[in-house]
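**Q** I have a structure I would like to understand better, so I am pasting it below and will then ask my questions one at a time.
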């Protein structure tokens with residue numbers, strides 16, 4: 001926007017400078033026409049008119065130099081506006097593509113959440129009510145995590161390694177018995193990687 005405003009100001013400046021050159025050119029043409037017509041009577045008027053024609057030629061040359069300098073600034077401004085417009089368009093395109101990817105990802109995430117919720121509901125029906133009640137209570141107390149995997153003798157809920165005594169108790173427990181972490185109280189999920 002700033003570049004476009006600057007370009008617009010420079011173009012107005014160019015228009016004004018071209019008008020100034022045109023006025024000088026018209027006046028010089030009028031004076032030259034008077035000289036050529038021979039209608040100037042006195043030598044003094046003729047000398048003054050010739051002097052003015054020379055001054056106008058110098059003024060015209062100076063003004064044309066100004067016009068050229070302003071034209072260069074206009075061209076530079078147009079190039080800058082074009083470059084910035086291209087960069088803006090590229091940024092807008094990138095944002096649009098990112099939004100499309102985001103929306104696609106949201107759709108995938110929503111679908112996955114829906115599927116996991118359905119699968120969880122099916123699994124939850126198979127879990128005894130008292131165990132589900134314990135899990136929900138633990139989940140509420142422990143920032144949304146009621147059960148944690150026992151991995152290499154460490155509770156992944158609280159990240160504390162079980163003591164030898166606690167590991168012995170977990171080893172001795174039946175496969176279907178609910179065991180809990182002595183540190184955080186979460187239900188421990190035993191796997192082949194538990195380190196028992």
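The values are calculated or read from the model by the stated rules, or taken from the named source; none is laboratory data. Being a predicted model, the structure only gives us computed values, none of them experimental. Methodologically, a virtual Cβ is constructed for each residue, glycine included, from the backbone with ideal geometry; neighbour enumeration extends over all protein chains shown.
**Q** Taking residue 32, is it over 18 Å from residue 59 (Cβ atoms) and either in a helix (DSSP H, G or I) or not assigned by TED's automatic domain parsing to the domain that holds residue 73 (or both)?
**A** no
**Q** Of the numbered conditions (1) assigned to a helix (DSSP H, G or I); (2) surrounded by 14 or more Cβ atoms within 10 Å (Cβ to Cβ); (3) at pLDDT below 85, residue 27 fails exactly one; give the number of that condition.
**A** That leaves (3) as the condition not met.
**Q** For residues that are more than 23 Å from residue 136 (Cα to Cα) and in contact with a strand residue (DSSP E or B) (Cβ under 7 Å, 6 or more places away or on another chain), tally how many sit in segment 164-195.
**A** The total comes to 2.
**Q** Tell me, please, whether a residue that is at positive phi and touching a residue at least 40 places away in the same chain (Cβ under 8 Å) can be found in segment 135-148.
**A** The answer is no; no qualifying residue exists.
**Q** Do we find that residue 95 is out of contact with any strand residue (DSSP E or B) (no Cβ under 6 Å at 6 or more places or on another chain), at pLDDT 95 or above, closer than 28 Å to residue 187 by Cα and part of a helix (DSSP H, G or I) in this structure?
**A** Answer is no for this residue.
**Q** What do you reckon, is residue 161 modelled with pLDDT of 90 or more, more than 30 Å from residue 4 (Cα to Cα) and in contact with a strand residue (DSSP E or B) (Cβ under 8 Å, 6 or more places away or on another chain)?
**A** yes
**Q** Also, I was wondering about something else. Name the residues in segment 132-167 that are closer than 16 Å to residue 188 by Cβ and exposed (fewer than 12 other Cβ atoms within 10 Å of the Cβ), would you?
**A** Once the filter is applied, which keeps residues that are closer than 16 Å to residue 188 by Cβ and exposed (fewer than 12 other Cβ atoms within 10 Å of the Cβ), segment 132-167 yields 152, 159, 164, 165.
**Q** Test each condition in (1) exposed (fewer than 11 other Cβ atoms within 10 Å of the Cβ); (2) over 30 Å from residue 13 (Cβ atoms) for residue 87 and report the one that comes out false.
**A** Result: residue 87 passes all but (2).
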